[in-house]
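These notes concern the structure reproduced below.
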Amino acid sequence: MSENHDRAAWLAGPGASCRADEPYPERSYRMILLGAPGAGKGTQAEFLCARLGTCHLSTGDVFRAAKCMSGGLSPAMQTAMEYMQRGDLVPDVIVIEMVRERVSCLQCNYGFLLDGFPRTVAQAEALDEMLASKGVKLDAVLSYELSVEEVVARLSGRRTCRSCQTTFHVTSKPSQRDGVCDRCGGELYQREDDRPEAIRVRMAAYRESTAPLEEYYNREGLLVPISAEGTPEEVFMRTAEALNQRLG
Ligand code: AP5
């Protein structure tokens, strides 16, 4: 992710303003990242944001950030946490309202990479309506494809920074010091929903509710399928080529 975008308006919601010291990019990209849990959406978002100057807008990050904020959780956020810990999808009404409160992020001149939203057809329809009301058009929906075995290997080895949310992997991307984030020195932990029982629930929710979005965006002519096999760098090369072909 671009070092200079702190995404405060996205993570903290209405009232917060972002610190972003870079000039706006010449072209702003507006894209969605689709793919199973653990396919590498967050990892590719980091590469893409560094290359394109875009903001990484992850709904999962908003929920995790809310948990760490002082002042206690609202009832809606409390409910969201319960669903999330089990690996279930948070109810549409909560997620859609949370994104609606942050709609200014969808108009930002840095552009956006939506990661983890939409996740159901109802969320996709709500997003279409929000974008249309602001006169904003999507450029592409990048859909990362990965085998179930590899998804499980990636999720079970993932470690996440409590402070800045940067992700590592015990074998494919280890931190330099065990348990310590390379970027900010924060503590690395294993997400509760990266336990085997929760992974099974997340995969089932993905197949049932999120996979149909491939067809949804295919019909809209926006879907760009990308194999997520191989190293993060190889996947990024594939992503850059696919984007080049599609958007020039
Ligand atoms: P969210 O945070 O969105 O999680 P997710 O979609 O399950 O995706 P992940 O963050 O698990 O995986 P990723 O694809 O980003 O993979 P990563 O790059 O980290 O959502 C969490 C929960 O919040 C949901 O279950 C739900 O409860 C709730 N929620 C959020 N949004 C919602 C919505 N819209 N509606 C309803 N509920 C919602 O990579 C994974 C690991 O693999 C890392 O360790 C990484 O280092 C490693 N890795 C990545 N790429 C490679 C590679 N090429 N080779 C080897 N290792 C790799």
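In the set (1) in contact with a Cys (Cβ under 6 Å, 6 or more places away or on another chain); (2) within 8 Å of the ligand (Cβ to nearest atom), the condition left unmet by residue 56 is number (2). The residues listed here are 20, 16, 66, 80; of these, the one that is buried (at least 19 other Cβ atoms within 10 Å of the Cβ), away from the ligand (no atom under 14 Å from the Cβ) and farther than 25 Å from residue 237 by Cα is 20. For residue 117, the conditions (1) among the aromatic types (Phe, Trp, Tyr); (2) in contact with a helix residue (DSSP H, G or I) (Cβ under 7 Å, 6 or more places away or on another chain); (3) part of a strand (DSSP E or B) are fulfilled apart from (3). Mind listing whichever residues of the stretch 37-53 are more than 6 Å from the ligand (Cβ to nearest atom) and either open to solvent by 10 Å² or more (accessible area, probe 1.4 Å) or β-branched (Val, Ile, Thr) (or both)? 46, 47, 50, 51, 52, 53 - these are the residues of the stretch 37-53 that are more than 6 Å from the ligand (Cβ to nearest atom) and either open to solvent by 10 Å² or more (accessible area, probe 1.4 Å) or β-branched (Val, Ile, Thr) (or both). Considered as a group, the residues in the stretch 115-150 that are within 17 Å of residue 41 (Cα to Cα) and small (Gly, Ala, Ser) include one that is most open to solvent (accessible area, probe 1.4 Å), and that residue is 147. With the condition kept exactly as written, say whether any residue in the stretch 70-77 is open to solvent by 20 Å² or more (accessible area, probe 1.4 Å), under 17 Å from the mean Cα position of the chain (by Cα) and not charged (D, E, K, R). No, the conditions are met nowhere in the stretch 70-77.
Consider the stretch 163-212. How many of its residues are open to solvent by 40 Å² or more (accessible area, probe 1.4 Å) and either near the ligand (Cβ under 8 Å from one of its atoms) or among the β-branched types (Val, Ile, Thr) (or both)? Explain how you work it out, then say what you get.
First, the residues of the stretch 163-212 that are open to solvent by 40 Å² or more (accessible area, probe 1.4 Å): 163, 170-174, 176-178, 182-185, 187, 189-190, 192, 195-197, 200-201, 204, 207-208, 212.
The next check asks that each one be either near the ligand (Cβ under 8 Å from one of its atoms) or among the β-branched types (Val, Ile, Thr) (or both); those that pass are 170-173, 201.
Of the residues in the stretch 163-212, 5 are open to solvent by 40 Å² or more (accessible area, probe 1.4 Å) and either near the ligand (Cβ under 8 Å from one of its atoms) or among the β-branched types (Val, Ile, Thr) (or both).
The values are calculated or read from the model by the stated rules, or taken from the named source; none is laboratory data. Here the structure is a predicted model, which is why all the values come from computation and not from measurement. For neighbour counting, all protein chains shown are included, and Cβ atoms are generated from backbone atoms with ideal geometry for every residue, glycine included. Areas reflect the complete protein model, heavy atoms only, side chains present, ligands, DNA and RNA absent. Shrake-Rupley method; radii C 1.70, N 1.55, O 1.52, S 1.80 Å.
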